[in-house]
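The values are calculated or read from the model by the stated rules, or taken from the named source; none is laboratory data. These numbers come from a predicted model, not from an experiment. Note that we place each Cβ from the backbone using ideal geometry, even for glycine, and neighbour counts take in every protein chain shown.
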Ligand code: AMP
């Protein structure tokens with residue numbers, strides 16, 4: 001263990017420590033996030049607080065607490081905390097000391113050597129201050145590593161071939177974008193741009209201002225004079241912001257945010273992701289301007305990029321990926337946890353320096369996309385099997401994502417939720433992995449919102465829940481081994497087999513399998529299991545698809561008959577009525593036989 005070297009991301013908002021443990025590079029630390037808030041303070045009793053505890057007292061005792069010390073590294077400005085004075089290096093050393101403590105609990109002894117990361121734009125003075133902080137914490141800093149290079153290492157770039165990558169790093173309080181060329185062990189930062197006053201905290205401010213306005217509109221009370229209420233509002237905004245990365249909308253409820261003349265005033269508001277994105281879009285647009293500058297300074301163009309790597313907690317905001325994709329035309333990679341990525345990269349270098357052959361970090365990602373089919377439009381006509389992934393492939397596990405859908409027609413009281421694995425916009429070209437029906441929806445004239453939540457855990461168990469938004473009533477299905485269910489090759493072979501079977505069959509209804517759920521699907525007892533066997537429904541859907549493609553070529557009379565049969569089939573599928581579906585399928589088969597034979 002004497003040669004253990006740790007890798008440390010000493011961040012503006014959070015810091016992490018990684019090391020080689022049990023054959024891989026891991027981020028070490030308590031709790032689920034394994035992140036230490038980069039906050040230091042002294043309690044009113046005079047006790048030193050580092051991390052979460054310091055962050056929690058920040059609002060109440062700002063004079064006893066310091067955050068974002070990284071911004072002051074390299075300056076001689078002393079920091080006053082309660083009645084004590086420190087240099088920025090000393091404050092950083094307290095954070096490093098706490099991280100070393102976390103690591104020593106896993107490693108069995110305190111680490112002595114470390115690789116510490118810094119932003120690419122850090123000056124010599126700032127780098128030296130970082131080294132000094134390490135020394136003060138009892139760590140021999142064997143390497144100062146640029147953060148974008150660390151991200152490249154974590155993502156496994158640097159395998160020998162020459163690659164150009166854009167590292168987009170949006171944290172809590174800073175934004176950096178760098179263009180790197182990585183070849184073997186050598187990484188060159190070609191350009192770097194950024195704004196060290198821009199980050200997720202600004203998103204919180206905008207959302208908090210929006211909430212404060214809504215509170216004022218409702219109660220006529222300015223939050224300005226209520227510091228405790230303001231602090232709670234800011235906290236609520238940050239929580240809501242995180243949720244909006246995974247959910248289409250959130251309800252924010254803060255009971256008795258302010259008590260005015262003895263009356264408690266509550267904050268009650270719902271905000272959609274679109275509204276929130278409207279607030280933050282200008283800030284994200286400004287990061288894209290920096291990105292264009294970085295590309296220009298590097299003398300390169302978007303099409304010369306091999307990868308966009310996302311770093312920093314705020315890159316979980318979906319609008320970041322959307323706008324990057326639009327502007328650069330390349331899908332950003334999210335395969336490594338964006339907030340642990342730099343620490344993991346530092347851990348990779350630290351492990352290599354300690355003699356371990358590490359190429360990249362191992363992360364559990366979903367190798368497949370998952371989603372549900374819905375009614376939409378294809379080629380300008382309504383199509384009931386539209387599909388877009390809710391869980392995109394290559395997303396680190398575990399994860400939860402929610403999308404909003406609406407009922408298709410007035411007074412609809414049931415929906416059929418069909419869960420697919422795949423990427424194709426046409427659900428029928430993906431693999432059906434499970435389905436269930438939600439009944440007893442509130443009959444409404446206007447579209448009724450249904451939220452579909454997917455949770456995929458580390459064991460590959462996929463849980464799909466459909467929730468009627470207005471009542472909260474829900475049904476769910478658990479699909480075990482969703483990830484090991486099928487490989488791409490198996491899927492392709494399966495699709496081919498189905499196609500051949502389908503095309504060669506006499507009567508599609510002969511030999512439908514018995515309506516047993518597949519073994520790996522465990523439906524909640526609340527569920528109304530669909531009465532139609534999945535294979536039968538899939539075959540009927542293929543028939544519908546084939547028929548819709550032929551509509552243009554039919555005589556008017558046939559077209560009308562076909563459309564009527566389509567409606568009957570859709571209704572029979574929705575109601576789970578096997579015999580009606582069989583009748584309609586038979587009639588449509590006959591009609592198509594006639595139409596195809598007379599083209
Ligand atoms: P970092 O400086 O990289 O630790 O990033 C911290 C920032 O990421 C803070 O502003 C967090 O509020 C933000 N953040 C963390 N998780 C999420 C999320 N799921 N969606 C949006 N922002 C997030």
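Inspect all residues belonging to segment 305-313 and state whether any of them is more than 13 Å from the ligand (Cβ to nearest atom), within 24 Å of residue 172 (Cβ to Cβ) and in a helix (DSSP H, G or I). No: segment 305-313 contains no residue that is more than 13 Å from the ligand (Cβ to nearest atom), within 24 Å of residue 172 (Cβ to Cβ) and in a helix (DSSP H, G or I).
Of all residues in segment 34-44, those satisfying the criterion of being in contact with a strand residue (DSSP E or B) (Cβ under 8 Å, 6 or more places away or on another chain) and in a loop (DSSP other than H, G, I, E, B) are 34, 35, 38, 43.
Yes/no per residue for (1) in contact (Cβ under 8 Å) with a residue 60 or more places away in the chain; (2) exposed (fewer than 14 other Cβ atoms within 10 Å of the Cβ); (3) assigned by TED's automatic domain parsing to the domain that holds residue 13:
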{"residue": "237", "(1), (2), (3)": "no, no, no"}
{"residue": "246", "(1), (2), (3)": "yes, no, no"}
{"residue": "251", "(1), (2), (3)": "no, yes, no"}
{"residue": "262", "(1), (2), (3)": "no, yes, no"}
{"residue": "310", "(1), (2), (3)": "yes, no, yes"}
{"residue": "317", "(1), (2), (3)": "yes, no, yes"}
{"residue": "321", "(1), (2), (3)": "no, no, yes"}
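Here is a yes/no grid of residues against (1) modelled with pLDDT under 95; (2) in a loop (DSSP other than H, G, I, E, B); (3) within 16 Å of the ligand (Cβ to nearest atom); (4) closer than 19 Å to residue 111 by Cα:
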| residue | (1), (2), (3), (4) |
| --- | --- |
| 3 | yes, yes, no, yes |
| 16 | no, no, yes, yes |
| 26 | yes, no, no, yes |
| 30 | yes, yes, no, yes |
| 46 | yes, yes, no, no |
| 55 | yes, no, yes, no |
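Test residue 99 against the stated conditions and say whether it is part of a helix (DSSP H, G or I) and within 21 Å of residue 338 (Cα to Cα). It is true that residue 99 is part of a helix (DSSP H, G or I) and within 21 Å of residue 338 (Cα to Cα). Taken together, 129, 120 contain a single residue that is away from the ligand (no atom under 16 Å from the Cβ) and surrounded by fewer than 24 Cβ atoms within 10 Å (Cβ to Cβ), which is 129. Number of residues in segment 314-336 that are in contact with a helix residue (DSSP H, G or I) (Cβ under 8 Å, 6 or more places away or on another chain) and within 16 Å of the ligand (Cβ to nearest atom) equals 13.
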